[in-house]
1. As an exercise: evaluate residue 128 against (1) within 16 Å of residue 6 (Cβ to Cβ); (2) in contact with a strand residue (DSSP E or B) (Cβ under 6 Å, 6 or more places away or on another chain); (3) not acidic (Asp, Glu) and give the number of the one condition it does not meet.
2. Can you pull out the residues in the stretch 3-21 that are in contact with a strand residue (DSSP E or B) (Cβ under 6 Å, 6 or more places away or on another chain) and assigned to a loop (DSSP other than H, G, I, E, B)?
3. I need the helices (runs of 4 or more DSSP H) fully contained in the stretch 69-170, keeping only those with at least 1 residues that are on the phi < 0 side of the Ramachandran plot and touching a residue at least 40 places away in the same chain (Cβ under 8 Å).
4. With respect to residue 50, is the statement that it is part of a helix (DSSP H, G or I) and away from the ligand (no atom under 15 Å from the Cβ) true?
5. Specify which of the listed residues (66, 14, 10, 35) is at pLDDT 95 or above and away from the ligand (no atom under 16 Å from the Cβ).
6. Counting just the residues of the stretch 110-135 that are within 11 Å of the ligand (Cβ to nearest atom) and of a type in the set (A, V, I, L, M, F, W, C), which one comes out surrounded by the fewest Cβ atoms within 10 Å (Cβ to Cβ)?
7. Taking the residues in the stretch 54-63 that are in contact (Cβ under 8 Å) with a residue 12 or more places away in the chain and within 16 Å of the ligand (Cβ to nearest atom) as candidates, determine which candidate is surrounded by the most Cβ atoms within 10 Å (Cβ to Cβ).
Amino acid sequence: MELYEIISERRSVRKYDLSKQIPEEVLKRVLDATRLAPSAVNFQPWHFIVVKDPVVKEKLKDAYPRDWFWTAPIIVVGCVDTKTSWKRKDGADFADIDLAIAMDHLILAATGEGLGTCWVGSFDVLKIKDIFKLPEHIKPVVMTPLGYPADKAAIKTRKKMEDIIHIDKF
Ligand SMILES: Cc1cc2nc3c(=O)[nH]c(=O)nc-3n(C[C@H](O)[C@H](O)[C@H](O)COP(=O)(O)O)c2cc1C
């Protein structure tokens, strides 16, 4: 798929075909695209926990108890490392921005491979930290299922160009 097609084809997928596993080489391509994302000062302050084991998935369910989420064969937990992220002079921490870009690489690469994803932020961070025994400076920010969609979600509306694009003035 060509880039603009991938961008317009992407949807938040909330129903997965659990009978279809993701080939290792496909997963590897998607994770490699994730790794290639830009980051502030190239610090790459990110970690991605790829959850495949049903036992581990079962433990995680409590942190995001929505049935649809667990219908995917793989869950990726995107974490930032606040020890190594770049901090601007005014104190702004760029960790979440860097991770968001990498996750968008993951999401678009997955779409290009025919896979579905759904950015989920409303999970219980403390439970995830506890399950993976994450150190203080490693913060889970996003989780996404990764799997073949069971159906095609409708496209959501977006704000109009003229309402958000400002040429030469705000
Ligand atoms: C930062 C962020 C957090 C989100 N958190 C959740 C979430 O917790 N649960 C959920 O079902 N979807 C979540 N979403 C998905 C959005 O609901 C979805 O992207 C939006 O409705 C547009 O739909 P689309 O992705 O299908 O275009 C999140 C998306 C983003 C970017």
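The values are calculated or read from the model by the stated rules, or taken from the named source; none is laboratory data. Not measured: the values here are computed from a predicted model. Heads up, the Cβs are rebuilt from the backbone with ideal geometry, glycines too, and the neighbour counts pull from every protein chain shown.
1. Among (1) within 16 Å of residue 6 (Cβ to Cβ); (2) in contact with a strand residue (DSSP E or B) (Cβ under 6 Å, 6 or more places away or on another chain); (3) not acidic (Asp, Glu), residue 128 violates only (1).
2. At the first step, the residues of the stretch 3-21 found to be in contact with a strand residue (DSSP E or B) (Cβ under 6 Å, 6 or more places away or on another chain) are 13, 16.
Result: 13, single match.
3. On the way: elements: 95-112, 125-131, 161-164.
The helices (runs of 4 or more DSSP H) meeting that bar are 95-112, 125-131.
4. Working: part of a helix (DSSP H, G or I): no; away from the ligand (no atom under 15 Å from the Cβ): yes.
No; evaluated as a whole, the condition is false for this residue.
5. Details: 66 fails: away from the ligand (no atom under 16 Å from the Cβ); 14 fails: away from the ligand (no atom under 16 Å from the Cβ); 10 fails: away from the ligand (no atom under 16 Å from the Cβ).
Only one candidate qualifies: 35.
6. 119
7. Step by step, filter the stretch 54-63, then rank; the result is 60.
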